[in-house]
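Asks: Attaching a single structure in structure tokens format; questions to follow.
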Amino acid sequence: RQKGKRIGVIMPYSDLLTGIGEWFCQLWAESLGKGRDLRGRRALGAQCPVRALGITDQHSQLQLYMEGPDDKVVDFIRVERFSKPAPIPRLYEGDEAVEYLGGHELSELFLAEERATETALAKKGRMNSTIVMDSITPQAVGQLLFLFEIQTVFAAGLYRVNPFDQPGVEKGKRLTYGMMGRPGYRKEKEEVLALQRKKKERFVL
């Protein structure tokens, strides 16, 4: 926060870890996104988590991370060994743009892409870190989940917030109960309907 890094990007370089990125965003947001600290004062405000996927999002989000506002920390997850070989065939001989890829493994390309992106951000002065996994196994994934859980609790201590409650989602739940007719929530239903009546429909598509 002191360095102005208000956005945290988690970027695994494996489709198998897509769910990890989504899970981390949920964990970080619900645990640290609190309005009040443990003393009841206004909380400092945690980083907003963003999920990216290498190498796919190099062609969508990376432009922003490289040349947009310098308010992000990018955390890469690199996988050193893939479970199945995926050789790139030797095709398009004579085409210098793609011929050199033939004979390499797809895992080599992923590693090269990750290291290149990491280096490019570092050369630009953009803050980033890398978690290295030897391979994707149940044990390794479990260790990664545990690491993120400990990281989140540690961050909660720095932000001085309770990471184990979700007061910000309770209001929406109560309003939903009212709209669905749950006994005891008629007031919440009226609250939703009153707001809907105030909305102005200016555009009809």
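The values are calculated or read from the model by the stated rules, or taken from the named source; none is laboratory data. Everything numeric in this text was worked out from a predicted model, so none of it was measured. Ideal geometry is used to build each Cβ from the backbone, glycine not excepted, and the neighbour counts take in all protein chains shown.
Asks: Would you check which residues across segment 154-205 are in contact with a Leu (Cβ under 9 Å, 6 or more places away or on another chain), more than 26 Å from G40 (Cβ to Cβ) and aromatic (F, W, Y) and list them?
Replies: Y185
Asks: Among the residues of segment 102-144, which ones are touching a Leu at 6+ places or on another chain (Cβ under 9 Å) and at pLDDT 95 or above?
Replies: Correct list: T117, A120, L121, M127, N128, I131, M133, I136, V141, L144.
Asks: Look through R160, R126 and report the one residue that is farther than 30 Å from D15 by Cβ, in contact (Cβ under 8 Å) with a residue 40 or more places away in the chain and assigned by TED's automatic domain parsing to the domain that holds K84.
Replies: Testing whether each residue is farther than 30 Å from D15 by Cβ, in contact (Cβ under 8 Å) with a residue 40 or more places away in the chain and assigned by TED's automatic domain parsing to the domain that holds K84 leaves just R160.
Asks: Something else about it: Can you run down the residue pairs with Cβ atoms below 7 Å, 6 or more apart or on separate chains, where the first is in segment 18-31 and within 22 Å of I55 (Cα to Cα) and the partner is modelled with pLDDT of 95 or more and in a helix (DSSP H, G or I)?
Replies: That search, which allows pairs on different chains as well, returns I20/L144; F24/F148.
Asks: Is one or more of the residues making up segment 93-104 over 20 Å from Q151 (Cβ atoms), in contact with a Lys or Arg (Cβ under 7 Å, 6 or more places away or on another chain) and part of a loop (DSSP other than H, G, I, E, B)?
Replies: Yes: segment 93-104 contains one or more residues that are over 20 Å from Q151 (Cβ atoms), in contact with a Lys or Arg (Cβ under 7 Å, 6 or more places away or on another chain) and part of a loop (DSSP other than H, G, I, E, B).
Asks: Under 21 Å from P138 (Cα atoms), outside any loop (DSSP other than H, G, I, E, B) and at pLDDT 95 or above: is that true of W23 in this structure?
Replies: The answer is yes for W23.
Asks: Something else: Exactly one of these conditions fails for L16: (1) assigned to a helix (DSSP H, G or I); (2) in contact with a strand residue (DSSP E or B) (Cβ under 9 Å, 6 or more places away or on another chain); (3) buried (at least 17 other Cβ atoms within 10 Å of the Cβ). Give me its number.
Replies: Among (1) assigned to a helix (DSSP H, G or I); (2) in contact with a strand residue (DSSP E or B) (Cβ under 9 Å, 6 or more places away or on another chain); (3) buried (at least 17 other Cβ atoms within 10 Å of the Cβ), the lone unmet condition for L16 is (3).
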